[in-house]
Structure formats: C-alpha cells, structure tokens
Amino acid sequence: MAASSELLFYQPETVSNASSNGGRLTATEIPTSVKNNVWPDVPHAEQETGSTKYRKIFYKFSNDDDIALASPRVFVENPSPGGDRVLIFPGTQTDTQGDLTGSERLYGTGALDLDVSAGASSVDVLVEDAADAVFQDGDLIRISDMADISDAGGAEEFIRLAATGAVSWNGNKATLVFESGVTLSNAYSAALTRVGSVIESADIQGGWDSWGGSTAAGTYDGETPPTAPTTNVPLLDSIGSIEQTWTITFTTATAFTCSGDTVGSVSGGSISTDFAPNNSDFSKPYFTLPFAGWGGTWAPGDILTFTTHPAAVGIWWKRVIPAGAGSLSANRVFVAITGEAA
C-alpha cells in the first residue's frame, strides 16, 4: 500500500464556476480535512434555488523513487450528510468545465439498506438519487463499515459486479449482484456500512510520448519506446514532472535551448551531459534526458519535440444541491484514493 504522505491533492489551473474551470495540474496543494478546501460555503439563496457545480482535483503520487502507484482506485468514501450530494468522474490532464457534456458516467456511494451476512452474493443499497446511475454492470464496488479510510478496526472489501444484469432499481434502492462465484467475506450492518462504485484508473506514473520535430540526421532513443529497461530514454520525476509539450532547438551541433508550451523557456543544455531542467516549484527536474540517448548528427536549427505527463490523475467532483436543500454547518464529504506502490 502506498504511504498516505505520498498521495497528495492539487488544484488545477482555474478554480471557478466558469467554462475555464479546471485545466492542468498546478503546484498548489489542497489540504485535507480543512473547511472549504474544495467547496465554498453555500449562501441561502443558492440553497433555495438549487445548483450544480464542478471542481477538478488532481490526485498526485509524489514518490521520490519515481515508482508507479499501481491499480489506483478512487471512490466517495463517505457521502455528504447534508441535503446536497457529491459525485465523481474521471477527467483528463487538460480538460476544463467547458469540455464536459453533462452525460459523464458518475460514481458515488450509498448506504447499505439491510444487514447482510458473510457469504451473501448480492446487496441492496440506498442512494440519494437513482437518476445518477452510480452503479452499472461490471463495476468494481467498495463495501466498508470502517469509520474512515484509515480505520483499522472495520471491514472493507472490493467486489466486482456481474457483467450483465447486475443492477436493478426500485426507486432509489439498487440491488447489486456480484459476479459468479463471488460472495462477501464479512458480515455488514446497515447502520454502519457504505457501498460505492469505484473509478479504476491506469497506473499513476510520469510518462512521455508524441516525439516529433525536424532533423536530417539526429536521433534520440526516446523516439521509440524501449521493449526492455534502458538508461537512454527520458526519465520522468514523479514530483517534478508536469503536463507539457517541450521543444528543443539546436543552436550548434551540440548545444540546444528548451521551452515548454506553457512554462516558456527553461535552461539550455548539451548532448554531452544529462539534461534535467529544474522545476522550481518542487526543486525537482521536469524530466531528464540522459546524454547517452543522443545519436546521429544534429545541426543548428534542428528541433526535437515531445510531451511529458505528470504522476497524477484528474478527477472531477460534481456537487448537486437540490432546490430547497436545508443548511448543515458541519457538512462534509470524503473522496479517497488507494493503490499499491509498484
């Protein structure tokens, strides 16, 4: 299991209610368990009329050994006790609220409707609104009676629903049928247990792709992803890497400048030494190009371009406040991520 100190939450470029809301990962960390760290207070007029708002959160695996967070799972650990409801869905490294369609697949959590015994092959779950369709065939679901995500005294298990016919609705109650041969390992009481659908993300690790540019005879090993481990390809730092398209422009046969599409010019380098421009926000390199990767003959004016991706995943939160919702001063919601350090 990855250390909680390595799983950090960050803001996107824009935090607002406008179409520009969201965008790329920034260096602004979001503190956990702090009032208004994601959502502002709701004025009385908004409670009366109702609203739907979005926030984008980046879940970053800040591991100094640059290993991957394998099989990450994101879920609503504890739903809001207030009259609102918070749902989540996957984002991209760059999308904004203006890119959302309103038909995104939503994930959320409800309450176990009836006590269940170990060995059960299905559960009944009460959700706040069946129209959200937070459970679907083939979903991975999480069942937990833990007081919170770090509670060592409760029980938790992840179960796959059947590929077809797994979900049936009766009002706001969903009956969820597990895949064949799967049963509960633990008994759960309705009074304490939450059941939620889980976003299954790709492994979280820095990456690179989209090699291009123009050169008559220059090469770099990163142009072709390796089939075996090698020290000649770009290295991505899990703390310092960002979403960026980089342009390297040669000024001589050996020296070059480097700039990013949003960060602009960074330090220049040479093909005779490792090139590791510094991300001053974290005092870590954006990436490292080992000098051994250079090949062929480079000339002034030659260009190499590539794109880097951070060790982070973007998740959208959708908060729905029904018209006439009541006020709750201690309202809160927990959205959690788990995974294994690969």
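The values are calculated or read from the model by the stated rules, or taken from the named source; none is laboratory data. Values in this document were obtained by computation on a predicted structure and should not be read as measured data. We place every Cβ from the backbone using ideal geometry, glycine too, and count neighbours over all the protein chains shown. What goes into the accessible areas is simple: the full protein's heavy atoms, side chains included, and nothing from ligands, DNA or RNA. Shrake-Rupley method; radii C 1.70, N 1.55, O 1.52, S 1.80 Å.
Annotation for region 178-188: no member residue is in a loop (DSSP other than H, G, I, E, B), within 30 Å of THR52 (Cβ to Cβ) and of a type outside the set (Phe, Trp, Tyr). Does TRP169 count as outside any loop (DSSP other than H, G, I, E, B), at pLDDT below 95 and hydrophobic (A, V, I, L, M, F, W, C)? Taking the combined requirement at face value, the residue does not satisfy it.
Restricting GLY260, GLY264, GLY213, GLY269 to residues that are over 28 Å from the mean Cα position of the chain (by Cα) and at pLDDT 95 or above narrows the list to GLY269.
Picking from residues in region 42-66 that are charged (D, E, K, R) and out of contact with any Ser or Thr (no Cβ under 9 Å at 6 or more places or on another chain), the one that is farthest from ALA325 (Cα to Cα) is ARG55. List every residue pair whose Cβ atoms lie under 7 Å apart, where the two residues are 6 or more positions apart in sequence or sit on different chains, the first residue falls within region 88-108 and is touching a residue at least 24 places away in the same chain (Cβ under 8 Å), and the second residue, located anywhere, is part of a helix (DSSP H, G or I). Listed pairs, sorted by first residue: LEU106/ASP132; GLY108/ASP132. Take the conditions (1) in contact with a Pro (Cβ under 8 Å, 6 or more places away or on another chain); (2) among the charged types (D, E, K, R); (3) loosely packed, with under 14 Cβ neighbours inside 10 Å; ASP274 misses just one of them, which is (3). Note on region 277-310: among residues that are part of a loop (DSSP other than H, G, I, E, B) and hydroxyl-bearing (Ser, Thr, Tyr), the one that is least open to solvent (accessible area, probe 1.4 Å) is TYR286.
Restricting attention to region 213-220, does a residue exist that is of a type in the set (A, V, I, L, M, F, W, C) and surrounded by fewer than 17 Cβ atoms within 10 Å (Cβ to Cβ)? Within region 213-220, one or more residues are of a type in the set (A, V, I, L, M, F, W, C) and surrounded by fewer than 17 Cβ atoms within 10 Å (Cβ to Cβ).
This table checks each residue for (1) at pLDDT 95 or above; (2) β-branched (Val, Ile, Thr); (3) under 30 Å from ASP261 (Cβ atoms).
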position	(1), (2), (3)
ALA152	no, no, no
GLU157	yes, no, no
ALA174	yes, no, no
THR183	yes, yes, no
ALA187	yes, no, no
THR245	yes, yes, yes
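Quick check, is SER267 surrounded by fewer than 20 Cβ atoms within 10 Å (Cβ to Cβ) and either in contact (Cβ under 8 Å) with a residue 40 or more places away in the chain or on the phi > 0 side of the Ramachandran plot (or both)? No; evaluated as a whole, the condition is false for this residue. For ARG24, indicate whether it is charged (D, E, K, R), open to solvent by 70 Å² or more (accessible area, probe 1.4 Å) and touching a Ser or Thr at 6+ places or on another chain (Cβ under 6 Å). No; evaluated as a whole, the condition is false for this residue.
Among residues of region 43-84 being β-branched (Val, Ile, Thr) and not in a strand (DSSP E or B), the one that is most open to solvent (accessible area, probe 1.4 Å) is THR49. Could you tell me whether region 86-105 includes any residue that is β-branched (Val, Ile, Thr) and over 25 Å from SER197 (Cα atoms)? No: region 86-105 contains no residue that is β-branched (Val, Ile, Thr) and over 25 Å from SER197 (Cα atoms). Residues in region 200-210 that are in a strand (DSSP E or B), in contact with a Leu (Cβ under 9 Å, 6 or more places away or on another chain) and either within 29 Å of SER80 (Cα to Cα) or open to solvent by 50 Å² or more (accessible area, probe 1.4 Å) (or both): 3 in all.
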